[in-house]
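Inspection log for the structure reproduced underneath, given as structure tokens.
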Amino acid sequence: MSHLRLFKGTPATREFYDSVGWLRREGILVDTATFTSRDPGSILVSLARRRRQLISEAIGGPGMNLVECGCGGTPATFLADLCRRYTAVDFSSTGLAEAAAALQATGVPFETVEADMTRLPFGDGEYDAAYSAHAIYHIDTPEGQSAAFSEVMRVVRPGGRAVLALANPFPIAFPARLFRRAAAMTPVLGTVLNRLRTRPPLPFLPMPLSWIHHQLARWGRVTMQCHTIPSVWFDQHVSEQSFIGQRLWRAVQLIETSSPAAAMRLGCFVTIVVERSAKPAL
Ligand SMILES: C[S@@+](CC[C@H](N)C(=O)[O-])C[C@H]1O[C@@H](n2cnc3c(N)ncnc32)[C@H](O)[C@@H]1O
């Protein structure tokens with residue numbers, strides 16, 4: 001078996017990020033232009049700040065030795081103040097060059113490591129904390145995602161934490177998305193629909209939250225909370241400047257801030273926190 005076949009990450013994802021996603025067009029990263037709001041209003045800005053705050057509180061610190069897996073060109077620089085050392089991992093060298101520039105600006109001691117997160121080049125328990133956002137669902141097989149979860153948890157020390165931002169495949173507030181995903185996961189129908197639909201720019205396989213919980217629970221206590229209710233489409237097409245848009249954004253804000261449990265089931269993205277136990281049930 002060739003060395004490369006030991007890795008379970010997805011070559012098409014790497015290819016997309018190396019040759020498209022982490023390039024700049026008119027100074028803006030293509031990934032940022034493709035997946036984030038073009039015109040964020042004050043509610044979106046305040047929600048983004050709150051989401052970052054929740055992640056910072058969940059991950060621990062200060063003084064952490066932290067590894068971010070799948071940092072791409074936009075590492076979580078908002079965590080830098082909590083770290084004594086920051087290790088930024090990705091398999092896109094283009095992304096890592098951007099990550100280095102962003103981390104340099106924070107002043108935190110850091111290193112960038114080009115590696116596949118399904119096979120991390122680190123020892124067991126080497127880090128106090130691990131963070132990974134919007135990366136694992138771009139691995140296009142359940143086996144690959146399972147390997148990534150195991151690797152992220154393996155490198156966290158007992159008592160440390162992993163915080164993961166992932167997609168909810170069945171967001172109740174977005175029924176079209178929910179039904180599309182349910183159909184895509186149905187045998188035969190899924191195969192037919194996958195042939196018919198327009199190809200997304202890169203592989204995307206959001207796994208059911210129960211499956212993710214099962215993967216992680218063997219490593220320690222798992223808690224899930226809402227990360228973001230809106231979809232990427234909503235972020236980009238519903239403007240706070242319009243009458244209806246502003247009301248929709250206010251509703252999102254109200255639910256995310258006052259009913260986190262409901263928000264988790266309703267919304268498109270979740271934050272998962274795993275407290276690594278001393279004796280994982282492997
Ligand atoms: C959508 S970007 C997310 C970037 C950043 N974490 C954020 O939230 O803005 C996904 C990143 O995950 C990386 N990635 C996906 N699969 C990976 C794997 N198996 N090993 C390492 N990096 C991976 C991609 O190269 C890309 O940089």
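The values are calculated or read from the model by the stated rules, or taken from the named source; none is laboratory data. Given the structure is predicted, the values throughout are model-derived calculations rather than measurements. FYI the Cβ positions are ideal-geometry reconstructions off the backbone, even for glycines, and counts take in every protein chain you see.
Just for the range 137-176: of the residues that are among the polar types (S, T, N, Q) and part of a helix (DSSP H, G or I), which one is nearest to the ligand (Cβ to nearest atom)?
If we take residues in the range 137-176 being among the polar types (S, T, N, Q) and part of a helix (DSSP H, G or I), then GLN145 is nearest to the ligand (Cβ to nearest atom).
Name the single residue that is surrounded by the most Cβ atoms within 10 Å (Cβ to Cβ) among those in the range 215-234 being touching a residue at least 60 places away in the same chain (Cβ under 8 Å) and assigned to a loop (DSSP other than H, G, I, E, B).
So, considering only residues that are touching a residue at least 60 places away in the same chain (Cβ under 8 Å) and assigned to a loop (DSSP other than H, G, I, E, B), the one surrounded by the most Cβ atoms within 10 Å (Cβ to Cβ) is TRP219.
All but one of (1) of a type in the set (Ser, Thr, Tyr); (2) closer than 20 Å to CYS268 by Cβ; (3) within 16 Å of the ligand (Cβ to nearest atom) hold for SER210; which doesn't?
Result: SER210 passes all but (3).
I'd like the residue in the range 123-136 that is within 11 Å of the ligand (Cβ to nearest atom) and of a type in the set (A, V, I, L, M) and, out of all such residues, is nearest to the chain's Cα centre (by Cα). Full working, then the answer.
So the first thing to find is which residues in the range 123-136 are within 11 Å of the ligand (Cβ to nearest atom), and the list is 131-136.
Right, trim to of a type in the set (A, V, I, L, M) and you get 133, 135-136.
Details: ALA133: 2, ALA135: 5, ILE136: 7 Å.
Going through the qualifying residues, I end up with ALA133.
Quick check on the range 78-95. Is at least one of its residues surrounded by fewer than 16 Cβ atoms within 10 Å (Cβ to Cβ), within 15 Å of the ligand (Cβ to nearest atom) and under 30 Å from VAL238 (Cα atoms)?
Checked the range 78-95: at least one residue is surrounded by fewer than 16 Cβ atoms within 10 Å (Cβ to Cβ), within 15 Å of the ligand (Cβ to nearest atom) and under 30 Å from VAL238 (Cα atoms).
Residue-by-condition table, conditions (1) of a type outside the set (S, T, N, Q); (2) part of a helix (DSSP H, G or I); (3) modelled with pLDDT under 95; (4) over 25 Å from ALA135 (Cα atoms):
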{"residue": "GLN236", "(1), (2), (3), (4)": "no, yes, yes, no"}
{"residue": "GLN241", "(1), (2), (3), (4)": "no, no, yes, yes"}
{"residue": "GLN246", "(1), (2), (3), (4)": "no, yes, no, yes"}
{"residue": "ALA251", "(1), (2), (3), (4)": "yes, yes, no, yes"}
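Has the range 22-35 got at least one residue that is within 11 Å of the ligand (Cβ to nearest atom), touching a strand residue (DSSP E or B) at 6+ places or on another chain (Cβ under 8 Å) and of a type outside the set (A, V, I, L, M)?
Within the range 22-35 (the criterion being within 11 Å of the ligand (Cβ to nearest atom), touching a strand residue (DSSP E or B) at 6+ places or on another chain (Cβ under 8 Å) and of a type outside the set (A, V, I, L, M)), the answer is yes, since at least one residue qualifies.
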